Amino acid sequence: MQAIKSVGVLSFAKIMGAVYGALRLLAIPICLIGGLAGMASGQEGGIGAGIGIVILGIFAPFLYGAIGFVFGALTAWVYNLMASWIGGIQIELTQYQQLQGAVRLA
């Protein structure tokens with residue numbers, strides 16, 4: 001068994017920012033459909049709300065990416081602090097051997 005002693009705060013923050021931003025990209029079609037439906041509803045305030053939802057759908061991945069970056073850095077920092085006190089996460093690693101284009105466990 002091996003343990004993860006520490007995590008690079010900046011590298012973890014970058015990965016988490018990218019993951020959160022990418023996951024939010026999946027919601028863009030929903031925001032666009034909802035925004036367009038709001039604009040097409042013809043109700044009072046529907047156009048303004050629809051435009052707001054479309055704008056939110058476009059800018060939300062950047063906002064979520066920034067939030068993921070900040071909380072990823074915080075998470076990595078807290079992990080490193082806790083790992084120094086009580087030990088890191090224990091993992092068991094195995095090596096892969098590649099034979100003639102196939103991957104096989106060693």
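Read-outs: derived from the displayed coordinates by stated rules, not from any lab. From a predicted model like this one, the values you see are computed outputs, not experimental measurements. Note that each Cβ is placed from the backbone with ideal geometry, even for glycine, and that neighbours are counted across all protein chains shown.
What to note about this one:
- Per-residue 3J(HN,Hα) values for the stretch 36-50, derived from phi via the Karplus relation 6.51 cos²θ - 1.76 cosθ + 1.60 with θ = phi - 60°, read 5, 5, x, 5, 7, 5, x, 7, 5, x, x, 5, x, 5, x Hz in sequence order (x marks Gly and Pro).
- Placing dummy labels 7 Å off each Cα toward the beta-carbon, the span from Ala66 to Val78 is 2.2 nm.
- Taking other C-beta atoms within 10 angstrom as a stand-in for reagent exposure, Leu74, Leu26 fall in the order Leu26, Leu74, fewest first.
- A P(r) calculated from all alpha carbon pairs of the chain, with 10 Å bins opening at zero, reads 15, 22, 21, 21, 13, 7, 1 percent.
- Proxy reagent accessibility, fewest Cβ within 10 Å first, across Phe12, Phe59: Phe59, Phe12
- Helical content alone sets the calculated 222 nm signal of the chain at -23500 deg cm²/dmol, taking -39,500 (n - 2.57) per DSSP H segment of four or more residues and averaging over every residue.
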